[in-house]
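The values are calculated or read from the model by the stated rules, or taken from the named source; none is laboratory data. Remember, it's a predicted structure, so these values are computed and weren't measured experimentally. Note: ideal-geometry Cβ built from the backbone for every residue, glycine included; neighbour counts use all protein chains shown. Surface accessibility is based on the protein's heavy atoms, side chains included, excluding ligands, DNA and RNA. Shrake-Rupley method; radii C 1.70, N 1.55, O 1.52, S 1.80 Å.
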Amino acid sequence: MADGGTHPDHGPRFAERAPEALNNPQLRRNFRRAMDGLMAKRAAQFPDPAYWQELRERGAAVKARALSKLPELLERLEANLTANGIQVHWAETTDEANAIVLDILQQASARTVIKGKSMVSEEMHLNDHLARHGIEAVESDLGEYIIQLAGEAPSHIVMPCIHKNKDEIADLFAEKIPGQPRTDDVDELTAAARRVLRERFANADAGMSGVNFAVAETGTLVLIENEGNGRLSTTLPPLHIAVTGIEKVVEFLDDIPPLLALLPRSATGQPITTYVNMISSPRKEGEKDGPKAVHLVLLDAGRSRVYQDVELADTLRCIRCAACMNHCPVYTRVGGHTYNAIYPGPIGKILTPQLQGLEAAGDQPHASTLCNACAEVCPVKIPIPDLLVRLRREAVRPTEVAANHLPVVKDGGAGRSWTENLVWAGWRTVYTHPLLYRAVTRALAWGGNWMPAGAPLMRDWTKARAKPRFKPRTLHDLARERGYLGEAPK
């Protein structure tokens, strides 16, 4: 792996995977039902548009202020965490982060790890890395546990197994959990997972988690969850390791309430999650529970490059609520696995190309209708459609930077095509020369329909759409016939 968690083999791209998802009726039903429910629950949490706008203005302001001071806040966070007894580690790449986590675990002679939900650990492909060194990592979030049993990756950043229905999970549990009979009773399935995981919690050598917010003012790690697995993972084992991206820092403890008012409501339609954990130190003398050591790994993996650009840095405001996914007409029809990326949906389409580079993920910004639904529901006002357009432009015409600066977007210009450049140059020439324009449009009106669907350039359009039909008469002919010679009728 390299910067941003990129694998040498990126696998099939979105356009290659989408037809399979679109032709899977069960997958589409699973997503449609789940997304409809989430959209309704979220809407019910924000019945007053004025209050919603006021709250998201506050959330956006908190994140924008934190990003404007990011280097300073990270230094303050490290100082306060260290003063609290939490050991801080910095990782420039996912390789470095994996090495740091492995070293901590090996020094503690840890062989088993119980994990709370963490998208950054998915970005690091941490479980595979630990397995290669003889350490077993078990996911304790129910959704993550299910997909770990299935050998799959998350398809959603909040509900990782949302692509599976009850019957599929019943089959999986009967196959993978020893002694578990097949049942489609949800309570029995949940109890089966709990039985397995309780034993894992009790015997784990170390616990791992992500971080929702890291408070620079107090050196506090905030972790929200619904199942209690995060609390068990961070308190029961003797060692706790948290991993997070550097963009999760906020300035003050008072910044947390508006973000907590936005995140669960936007994510699952809940006014608040069942558990809000605030971790400020290892176990203190006289305390009966809690880990004896706490470590935090702060991961860059391309984020500092994103931070350099005033416009693209808005990507780092994301609080991982997934509201943009739940409302995206593309994501809701093809699901998260189609993106072949850790972060799917609209936020993934702007984050992944910036972290991994346009060479690896330059197709992602094009997997969008630019309908603006994602921007309208984003609780921290990330202008996702604007950034999608910006990344499309960076793919063909990268922004120039000084020689001593990093490129604005990794692999800028990777999507440049000489064929496309020639087409656009031809289009410009035709549209700036009236005589040529009339000649070309008349030629297309006369013979355009004879062009085969598989002709060069045409086939890129007809792969997913019907072949366009050229009218026998041009718009100018029709306008002239109706007496329009200028702006007003003759």
Phi angles of the stretch 475-480, converted by Karplus (6.51 cos²θ - 1.76 cosθ + 1.60, θ = phi - 60°) into ³J(HN,Hα) in whole Hz with x for Gly and Pro, give 4, 5, 4, 5, 5, 5
Of 274-280, 50-56, ordering from highest average Cβ density within 10 Å down gives 274-280, 50-56
Taking the alpha-carbon centre of each part, the distance from the stretch 136-215 to the stretch 321-340 in Å is 22
Relative contact order in percent for the chain (Cα pairs under 8 Å, 6+ apart) equals 19
Percent antiparallel among DSSP beta bridges confined to the stretch 121-272, nearest 5, equals 40
Applied in sequence order to the stretch 254-270, the curve 6.51 cos²θ - 1.76 cosθ + 1.60 (Karplus, θ = phi - 60°) yields integer Hz couplings, x standing for Gly and Pro, of 5, 6, 6, x, x, 5, 5, 6, 8, 5, x, 4, 6, 7, 10, x, 9
Unpartnered Cys in the chain, judged by a 4.7 Å Cβ-Cβ cut-off, are CYS161, CYS318, CYS321, CYS328, CYS371, CYS378
Quarter of the surface of the C-alpha convex hull for the stretch 151-303, i.e. direction-averaged projected area in nm², equals 11.1
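Please report the projected area of the stretch 298-406's Cα convex hull averaged over all directions, in nm².
Convex hull of Cα atoms, orientation-averaged projection: 6.9 nm².
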Cα-only Rg/Rh for the stretch 345-461 with Kirkwood Rh rounds to 1.09
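Sum -39500 (n - 2.57) across every DSSP H segment of at least 4 residues in the chain, then divide by the residue count to get the 222 nm mean residue ellipticity, nearest 500.
So the calculated ellipticity at 222 nm is -14500 deg cm²/dmol.
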Cross-link reach from LYS288 to aspartates and glutamates, straight Cα distance under 18 Å and at least 8 residues apart if same chain, gives ASP205
Straight-line reach check, LYS292, cutoff 27 Å on alpha carbons, 8 or more apart in-chain or any other chain, hits among lysines -> LYS115, LYS117, LYS248, LYS284
Whole-Hz Karplus couplings 3J(HN,Hα) for the stretch 207-219, θ = phi - 60° and coefficients 6.51, -1.76, 1.60, Gly and Pro as x, run x, 10, 7, x, 9, 7, 9, 10, 8, 5, 4, 10, x
Sorted on mean Cβ neighbours within 10 Å (highest first), peptides 214-227, 282-295 come out as 214-227, 282-295
Cα extents of the chain per principal axis, largest first, Å, are 93, 56, 48
Bridge orientation stat for the chain from DSSP, antiparallel percent rounded to 5, came to 25
Of every hundred units of 1.4 Å-probe accessible area on the chain, the number belonging to carbon and sulfur atoms, as a percent, is 54
Residues meeting the amide H criterion for TYR484 (H placed from the backbone, H to H distance under 5 Å, 5 or more places apart or on another chain) are LYS490
So, with points 7 Å from each Cα along the Cβ direction, the ARG182-TYR484 label distance in nm works out to 6.4
Checked the stretch 59-162 with the C-alpha gyration tensor, a ≥ b ≥ c its square-rooted eigenvalues, rounded below a/c of 1.5, otherwise prolate if a/b is larger than b/c and oblate if not; verdict oblate
Counting only residues 5 or more apart in sequence or on a different chain, those whose built amide H sits under 5 Å from that of VAL249 are ALA214
Whole-Å distance linking the alpha carbon centroid of the stretch 444-467 with that of the stretch 383-429 is 26
Amide H proximity to LEU239 below 5 Å, modelled H, separation 5+ or other chain, gives GLY207, LYS292
Heavy-atom accessible area per residue of the stretch 344-461, all protein chains kept, 1.4 Å probe, expressed in Å², is 55
Within the stretch 335-378, the residues whose backbone N lies under 18 Å from a label point placed 7 Å from the Cα of GLN26 along the Cα-to-Cβ direction are 335-338
The percentage of Cα-Cα pairs in the stretch 12-62 separated by more than 15 Å is 66
Expressed as a percent, the portion of alpha-carbon pairs in the stretch 256-340 spaced more than 22 Å apart is 57
